[in-house]
Amino acid sequence: MAAISLRKVIKRYGVGAKANQVIHGVNAEIADREFVVIVGPSGCGKSTLLRMVAGLEEISEGEIAIGGRVVNDIEPSERDIAMVFQNYALYPHMTVFDNMAYGLKISKVPVAEIKARVDKAAGILQLAPYLARKPRELSGGQRQRVAMGRAIVRQPQVFLFDEPLSNLDAKLRAQTRIEIRKLHAELGVTSLFVTHDQVEAMTLAQRMIVMNAGRMEQFATPDEVYARPATTFVASFIGSPPMNLLTGLANGASFTLDGQTVPLPAPAPRNGEFTLGLRPEHVVAGGSGGWPLKVELIEMLGAERLVHGQLGSHAFTLRMDGMLTPPAVGSTVQLQLSAQHLHWFDVATGARVE
Amino acid sequence: MVERRPTLGILAHVILILGVLVVALPVYITFVASTHTAQEVVQRPMPMLPGAHFIENYTAALQGGSHGAGSTAAVGRMMFVSLVSALIITFGKIAISLLSAFAIVYFRFRFRMFFFWAIFVTLMLPVEVRIGPTYKVVSDLGMLNSFAGLTIPLIASATATFLFRQFFLTVPEELVEAARIDGAGPMRFFKDILVPLSATSIAALFVIQFIYGWNQYLWPLLVTTNEDMYPVVYGIKRMIAGGDSQNEWNLVMATAMLAMIPPALVVMLMQKWFVKGLVDTEK
């Protein structure tokens, strides 16, 4: 078991003036036995970061240490890691058993022990009936489990997952998510899991790293990320529908938005221009003297309704209980804010202001 | 779209049957000629039904020493020479092409593109074009009248290298990475993963290259002067003396039949693999 340290990790492609830097100095300490999810939009560098931990990409600057040992110049096979790939990367000409056993065979583990370890992994993953099959004779979910089995049998210090669930259908994905959590609870191996899916990130992570454009925006527990997003990017990326972000002028207990001044339940950290973040679920429609929202469209999702409208020139989304009578399209409703659910961000940097 | 009109069906079959006849008739006549005595073959009209000297003629051809005006070398030995040469050429080509494609696709070495283009350029230089210098080299190295001389100059193959290169480029990058994480070094990856995955391509190439090797004519003509080292295709030509001399056409035809058997067998036995190798995209 091992902790992972990322110290000012930089990745750039090319050299000299034409170099293209894609990761701009990531610092993170991942504790032993922790399950950390790296989440971000495509192209944010999350897979590159994972591949640098795996040793498949060179580290341009900075250090990565696994279990206290700096691994910058160590071959992937020597880093004591196992990786599950997005398309599983099973060897097509080998049986399930051979796929799982291949790494062990190379490291010259005795045959009896290989068999014992593969059988054990197959038992955990319910793959025992399929050991003699080739990958093409398996369903997507089974292939995914073989890929995990291949990682398990190596008994590594770290598991690396590169979007392993994105090729599964929605139902299987939810099921596999639970299996991965159980597996982590059972084996207690430090895990790094890359995904672009915020639901996966929120449900799997003990702590999550939110990345954007090669920078780490926030590294915290899912609760913290949701309750106190560190930047406007995190605020808009985590949560569905995303947080409403309104830029206006705060002055005491009032907020001026598009020339219209509305009351605030609690004052801003200081007077001046701010981006105010409001989660759709933390705003209530009704009463009087609130913020006027012109209702344009209502989406019924069963348990809840999404009310889309205009607040001045800003689009605004409001989530309400599906049981309540929705406002009429075209009408104007008054929004009531609650004091503990106001998120203030700096307009220029996007950073959270307390 | 499948047409299901009966007239079209009949027409298609007529054309196919005509095609088969055009291809098969010369082979049939060769076979018929190989089962008669030399006198029966040359009389007019030529017999169109198999004769009674099948075993006699084939035994004579295989053992050699007949009384024809041309070469009377034993065809058995020629078949052996052809088989060994064709196999060396085939396996040599496959081995060299696999390795060079492996190097070009998976290694970043200096002058990589230079070597890539150097291989490419050899496509423009088939044996016929470089035959003079190649002969000089082979003769200076003392490889005339040897299997080495018959095979080595024909082994380098740009076509096969490209075929394997194209195939290797379709092997997913993740597979390489998975093998790296599993601790497989380059040659281990090559042996355990790349070669088994290329099995169908190798089989297809085996068929093509075996026939290529077996059918060599011009090159053996130059580098062999000893009857012991004649391949069968060239041997047939040597059995036919020019001018008005009397050839043992029955034995020539028997030899031709014998020469056709190994390539035909290779095609028939490996047809399934051959087709799979050319069309299969399953990874």
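We did not get these values from a lab; they are worked out from the coordinates using the rules stated. Just so it is clear, the model here is predicted, and its values are computed rather than measured. No Cβ is skipped: glycine too gets one built from the backbone with ideal geometry, and neighbour counts run over all protein chains shown.
Some observations on this one:
- Approximate spin-label separation B:Ala148-B:Phe80, in nm, with each point projected 7 Å along Cα-to-Cβ: 2.1
- Annotation for A:Arg215 and B:Ala24: the two label points, set 7 Å from Cα along the Cα-Cβ direction, are 7.8 nm apart.
- Annotation: amide H of A:Val22 within the under-5 Å range of A:Lys11, A:Arg12, A:Tyr13, sequence separation 5 or more or interchain, hydrogens built in the peptide plane.
- Each DSSP beta bridge with both residues in the protein assembly as shown is either parallel or antiparallel, and the antiparallel ones are about 75%.
- Spherically averaged projected area of chain A from its Cα convex hull (nm²): 21.6
- For the range A:183-214 versus the range B:183-248, the inter-centroid distance based on Cα atoms is 58 Å.
- Choice from B:Thr170, B:Thr161, B:Thr72 showing the highest fluctuation, given a GNM over chain B with Cα pairs closer than 10 Å: B:Thr170
- Diffusion coefficient, µm² s⁻¹, Stokes-Einstein with Kirkwood Rh over alpha-carbon pairs of the range A:64-139 at 20 °C and 1.002 mPa s: 152
- Computed over the range A:157-294, Cα set: Rg, Dmax in Å: 19.3, 59
- Most mobile of B:Tyr212, B:Tyr106, B:Tyr230 in a GNM of chain B (Cα contacts under 10 Å): B:Tyr106
- Other residues with beta-carbon under 13 Å from the beta-carbon of B:Leu98 carry, at +1 per Lys or Arg and -1 per Asp or Glu, a net charge of +3.
- Centre-to-centre, using Cα atoms only, the range A:218-287 and the range B:30-99 are separated by 92 Å.
- Longest to shortest principal axis, alpha-carbon extents of the range A:1-153, angstrom: 54, 30, 26
- Average 1/r across all pairs of distinct alpha carbons in chain B, invert it, and you get the Kirkwood radius: 22.1 Å.
- Approximate spin-label separation B:Ala241-A:Val199, in nm, with each point projected 7 Å along Cα-to-Cβ: 9.0
- Reported value for the range A:209-354: 117 Å³ per residue, from the convex hull of its C-alpha atoms.
- Candidates B:Gly142, B:Gly185, B:Gly92: whichever shows maximal mean-square fluctuation once chain B is modelled as a Gaussian network with Cα springs under 10 Å: B:Gly185
- Across chain A, Cα pairs under 8 Å and at least six residues apart give a relative contact order of 16 percent.
- The range A:187-258 - Debye-derived log10 I(q)/I(0), Cα point model, q = 0.27 Å⁻¹: -1.28
- Largest to smallest principal axis extent of the C-alpha atoms in the range A:276-354, angstrom: 38, 25, 21
- With N the number of residues in the range B:142-248, Rg(Cα) / (2.2 N^0.38 Å) evaluates to 1.62.
- Just so you know, the Rg over Rh for the range B:16-159 is 1.15, from Cα atoms, with Rh as the Kirkwood radius.
- Note on B:Leu221 and B:Leu141: the extension gain reaches 27.0 nm, defined as 0.36 nm multiplied by sequence separation minus the Cα-Cα distance.
- Taking one quarter of the surface of the convex hull spanned by the alpha-carbon atoms of the protein assembly as shown gives a direction-averaged projected area of 45.7 nm².
- When both the range A:109-168 and the range A:79-104 are represented by their alpha-carbon centers, they are found 7 Å apart.
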